[in-house]
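Here's the structure we're looking at; comments come further down.
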C-alpha cells in the first residue's frame, strides 16, 4: 500500500485531464457520500446523473454479489441471458419495435449513432416510401453529414467533439472528423435550411441539453425535426445519455416534452446502470431500402462485423442494470422524479434570491441559472467561472452539485430523493447565497 496521500498519487501518476475538486470520497449510502475525513455530503450530482437510485442500494448490492460469483464476463461471440433481458426491457421502455446494441459509455453510444448514420448514407439507403429517395441517391453518391445543435455535447471522442456544438472542446484536436454541421437549438428555420443539403443523412439532438445548463427542446421543434427527416429521407437521432431512463420522470426524456414524436435511434448511458459502466443504443425497425432494391429493417443495418465491443453488455453489468431499472419500476421512482423535481424547482424559486436568475428543467434534471451580476455580488475571483465558484462554496457547506457552463449549476439527485433531502439542499443553498 502506498504511503502517499490520495492527492499525491493523482498528481504523480494520473494524467490531468480533469479539473478535479479537492474532494477525496471513500463511501456512499443512499443520497449521501463521505470523504477521507468522514465528512458527510448530500450528493445532488449523482456522479453526473449516473447513480440513479443512490449509492449502494441493498437490492443491487445483493444481486451483484451473487452475479460476480456466478459469471462476470463472456465475449459477445456468445449469448448471455442478462443482456437479452435488458435489451427486451429497453425496447419496452421506448414503446416501439427495435433492437439494442450495448457498449460502455455515452460517448461510445453516440459513436454507434454516427456509424449507423454513415452506414445508412454510404450504402445509399433511404427510408422506404419517402418521396425524395430517387433524387437523393441520384444527386449524391453517398450522404454523410449529420446536423447537430449549437451548445450540444456528445462526448469526448474525436467524432464526439466534432459532433458537439461547442468550439471550446475542439481546440487542439484539429483536423476534426468531417460530416457535422451545427444549427441553433430550437431554431426551426435554421434546421429547415440545413436539411436542404443533399449530403445530409441525419439530425442528432439532445431532447434536453444538459452540459449547457438544462435547456429542454420545444415540443414543436421536436415535431418539426421528425417531419423534416421524414420529408427528406433522413434519420432522427436522440442523445438521451443524460436525460433518459427516468431522470425526467419518464423512461424516455423526449416523452416528457412531446410523446407523439418517435426517433429512429437513441443513445443512452449514465443512469442505465446506476454506476456500472454501460451504454446502449436503440434502433427502430422502420424499413429502409438499399440501392440494390432490397428492403431491410433499420435495426438490422449494422450487421456482423460492422460494429462491436469487448465489454458491452457483459453478464455482470447487464445483471446490475436490470436490477437498477427494476428498482426504479417497482419503487415508483418515475413518479417520484416528477413530484420531487417540481417540488425542488418551486423551493428554489421560493428563495427569491437576487443571485438566481432562473430555475429550469424537467423532473430531476434541474438547472439553476445565476444572475448576470453574480460575479460582482459574490466577489468571484477574476477569471473564475461563477458556476465553479458557487459549486466550491456548496461543497464546503456539504452539498455536491455540478457546474454547467460558466453560469449555471445542475441538480441531479437520485430518482428516489426524499422531500427532506431536497429541503436540506435548499437550506444549504440559501445559507451559501446569503453569505455573499
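Please treat every number below as a calculation from the coordinates, not as lab data. Everything quoted here is computed from the prediction, not taken from an experiment. Every residue, glycine as well, gets a Cβ built from its backbone with ideal geometry; the counts of neighbours run over all protein chains shown.
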Could you list the residues of segment 28-49 with an amide nitrogen less than 17 Å from a label point located 7 Å from the Cα of residue 397 in the Cα-to-C-beta direction? 40-45
Could you tell me the center-to-center distance, by alpha carbons, between segment 338-399 and segment 219-251 in angstrom? 28 Å
Rounded, prolate or oblate (a/c below 1.5 giving rounded, otherwise prolate when a/b exceeds b/c) for segment 199-330 by Cα gyration tensor: oblate
Computed Rg/Rh of segment 348-436, alpha carbon atoms with Kirkwood Rh: 0.93
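Where does each of 215, 142 land when they are ranked from fewest to most other beta-carbon atoms within 10 angstrom? Can you show the working numbers first?
Numbers: 215 19, 142 15.
Exposure proxy ranking, most exposed first: 142, 215.
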Most exposed to least, judged by fewest other Cβ atoms within 10 Å, 21, 238, 374, 101 sort to 21, 374, 101, 238
Of all DSSP beta bridges located in segment 66-329, what percent are antiparallel, nearest 5? 50 percent
In whole angstrom, how far apart do the alpha carbon centroids of segment 1-32 and segment 103-120 sit? 31 Å
Please report, for the Cα atoms of segment 250-394, the Rg to one decimal and the Dmax as a whole number; what are they, in angstrom? 21.6, 66
Quick one: what does P(r) look like for the chain with 20 Å bins over all Cα pairs, in whole %? 25, 56, 18, 1
Within 10 Å of each residue's Cβ, count the other Cβ atoms and sort 302, 77, 192 from fewest upward. 77, 192, 302
Residue 349 to residue 15: extension gain in nm, 0.36 nm per residue of separation minus the Cα-Cα distance? 116.2 nm
Per its Cα gyration tensor (rounded if a/c is under 1.5, else prolate when a/b beats b/c, else oblate), segment 232-279 is best filed as oblate
